[in-house]
Amino acid sequence: MTDAERSPLAPAGRRRSWFPFLGVAAVVLVASVVPVPDLAVGGGSGGEGTGPFAVLGPTGAFHLVGYAALAALAYRATATGGRETGSRVTEGRGVASPAVAGAVAVAAATGFGFGVELVQAPIPWRSFAWGDAAVNAVGAAVGVATVWAFVALRRVAQ
């Protein structure tokens, strides 16, 4: 397998794919519809709790981390992974420049999160929460920013 077939974030020999994104999305979906002990009906983001994530509520940290991971995996599946040469990106098997891949990744994770919120609306032990949808979007942006920082640091180290 050539360098052009590898992701900038994947070990040698691994091709980019949407399968990791879909796997994490399935886990997030299942976790989003099962009953959660000690979570009041209609709680959504809540706003209660202690520590650094108190403002996010009892499940906010899970939303933030879960959607950061989803966005990072979506970025990995779409980014070219090549270095820019002038205005053209070379190498890599992805379909988008880093900026476009980042926008696609944030949109994919945020859209999925909004869909999950809609799925939760009719479930008696769950509820639709705009706060959760907002935390999902922030988590997606954090995930892409983290990937960009990782890639930049890796290039500096080379």
(request) Answer with yes or no whether L70 is within 22 Å of G115 (Cβ to Cβ) and modelled with pLDDT of 90 or more. (result) yes
(request) Quickly run through the stretch 123-144 and pick out the residues that are surrounded by fewer than 16 Cβ atoms within 10 Å (Cβ to Cβ) and of a type in the set (A, V, I, L, M). (result) I123, A134
(message) For the stretch 106-129, give me each residue that is in contact (Cβ under 8 Å) with a residue 40 or more places away in the chain and part of a helix (DSSP H, G or I).
(response) A108, A109, T110, F112, G113, V116, V119, Q120
(message) Taking the conditions exactly as written (over 11 Å from L70 (Cβ atoms), in contact with a His (Cβ under 8 Å, 6 or more places away or on another chain) and surrounded by 15 or more Cβ atoms within 10 Å (Cβ to Cβ)), does V104 satisfy them or not?
(response) no
(request) Go through the stretch 25-61 and give me each residue that's at pLDDT 80 or above and surrounded by fewer than 19 Cβ atoms within 10 Å (Cβ to Cβ). (result) A26, V27, L29, V30, A31, V33, V34, P35, A61
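The values are calculated or read from the model by the stated rules, or taken from the named source; none is laboratory data. Keep in mind that this is a model prediction, so the values were computed, not measured. Reconstructed Cβ throughout: ideal geometry from the backbone, glycine too, with neighbour counts over all protein chains shown.
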